[in-house]
Each structure stands twice: as structure tokens, then as C-alpha cells.
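Values quoted throughout were computed directly from the atomic coordinates according to the rules given, and no laboratory measurement underlies them. If you're wondering where the values come from, they're calculated on a predicted model, not measured in any experiment. Quick reminder, even Gly has a Cβ in these numbers, built from the backbone with ideal geometry, and neighbours come from all protein chains shown.
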Amino acid sequence: VVCFGFDGDTTYSKLVKKWNKVVYNNFFSNENSNSPIESESIKNFSPKVAVDPLHILKRWRYRIFKGVLMQFFTEDKNFVNIQKWKEIFDIQSNVLMDKHFLKMNDDLPLKLFHPRIISMFYNVNDKSTLSYFIVPSLFELSLKFKTISKKDREVLLETCLYYLYLYNISLNNCKKPLPDRPYKNNKIVRMFSSSITSDTISTISTLLFLL
């Protein structure tokens with residue numbers, strides 16, 4: 001058995017943390033100059049662990065409805081706002097609906113994080129919302145589209161990892177960051193939740209190893 005795959009069950013959270021720690025330690029070392037995911041410690045860790053990629057993308061989608069997502073770690077004017085672009089970007093209405101019966105819809109996150117959408121954020125210079133879409137959009141692009149090469153997939157996935165690591169490092173250096181979950185009447189939260197970043201990192205790391 002090379003790896004375990006699951007749909008976000010917290011039963012595997014300890015294994016996810018161990019795997020992520022091994023990957024992190026090797027990602028920033030010079031043990032292997034060809035790929036940060038290739039080393040003896042990476043190869044010897046067994047079993048690897050991954051969350052179903054589509055399940056992860058679903059969580060990235062409904063994270064948008066959890067509150068006001070700040071781009072950085074304190075409350076300011078930079079926050080994620082996809083709703084204001086709904087008509088301009090011609091986004092299907094149910095893609096941005098916060099309805100329980102749509103929570104596990106397989107198609108909606110694929111439409112939301114399509115490369116067409118992220119390119120539009122770039123064109124309108126909405127840096128806050130773009131910063132949220134980078135990881136799920138590149139993640140989807142690396143898995144869904146058949147026209148890119150294996151090397152391109154690796155580059156896209158590694159970019160996602162570096163981005164998430166940078167976010168976590170910045171978070172750890174922040175003295176009083178916003179919470180990652182809304183509390184009572186306080187709906188202002190930081191952009192990424194710890195659980196989403198952790199599961200995304202573990203999955204991308206496993207996919208990189210298997211490529």
C-alpha cells in the first residue's frame with residue numbers, strides 16, 4: 001500500500017501531520033536538487049496519505065461562505081469578494097449559492113476554480129480574491145486538463161505547496177492573527193483554515209510523489 005486516500009475524515013489527522021512534517025523538512029532542504037519531494041525520508045515514509053482532490057475543492061468552495069475572508073491575518077480593507085464579480089464574470093448562479101444541498105455537488109467547484117475565472121481576477125486586478133483562488137485553481141488545472149505535460153503538472157503542484165508554506169510561515173510570524181473560524185457575531189476570519197491547508201498540502205505532496 002503506497003498511500004491512504006480518504007474524504008477528510010479526522011481519523012487520519014495524526015498521519016496527515018506526520019506526513020506533512022516529513023515533506024516540509026525535505027521541501028526546504030538541498031537533499032535532492034531535482035525535486036523537493038524526492039528524498040530517502042520521503043520514500044521511506046509509509047503509507048503516504050491524501051484526501052480526495054475533488055473533496056478538497058468542495059471545501060475550498062464552501063470556505064467562501066464561512067465569513068469575511070481577509071487576505072492577510074488582521075482586519076483591513078483587503079478581503080475576498082467573489083460575489084461582486086458574479087455577473088461580470090458570467091458565473092453560474094448556483095456556483096455561489098450557500099445551500100446545504102449543494103455542499104457536496106461535484107461540478108460546482110470545478111466551475112468556480114476554472115482557469116478562466118482566475119485569469120479574470122488577474123485582469124481586473126482583484127489581488128485579494130485572486131490570492132484565495134491561486135491554490136484551488138492551479139490544483140484543478142494540474143489534475144483536470146489533459147493538454148499539459150507531466151513537468152507542467154509538477155510545477156503547478158509545487159507552486160501550490162510553496163504558496164501554502166509561505167502562508168503558514170507568515171501566519172506563524174503574526175502575533176495576533178485572526179481566527180480561522182467565525183465565532184458568535186464575529187464573521188471576520190483569515191483566508192485559509194488550518195484544516196484546509198493541512199489536507200491540501202498532504203494531498204499535493206502525495207500526488208507529486210506518485211507522478
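Annotations
- Against the main long axis of the alpha-carbon atoms of the chain, helix 53-63 sits at an angle near 30°.
- Stretchable slack from TYR62 to ILE134, in nm (0.36 nm times residue separation minus alpha-carbon distance): 24.3 nm
- Amide proton proximity set for PHE6, modelled H, under 5 Å, gap of 5+: ALA50, VAL51, ASP52
- The chain, relative contact order in percent, only Cα pairs under 8 angstrom and at least six apart counted: 29 percent
- The sum of -39500 (n - 2.57) across all DSSP H runs of n ≥ 4, divided by the residue count of the chain, sets its helix-only mean residue ellipticity at 222 nm to -16000 deg cm²/dmol.
- The chain - Debye-derived log10 I(q)/I(0), Cα point model, q = 0.10, 0.15 Å⁻¹: -0.44, -1.02
- Helix 115-124 axis versus longest C-alpha principal axis of the chain: approximately 60°, rounded to the nearest ten.
- Cα-centre dipole for the chain with unit charges at Cβ (Lys and Arg positive, Asp and Glu negative), debye to 20: 560 debye
- Rounded to 10°, Cα long-axis angle of helix 194-210 versus longest principal axis of the chain: 50 degrees
- Of all lysines in the structure, those lying under 16 Å Cα to Cα from LYS99, and not within fewer than 8 positions of it along the same chain, are LYS58, LYS66.
- Rounded Å value of the spacing that divides the Cα centres of segment 163-189 and segment 117-133: 20 Å
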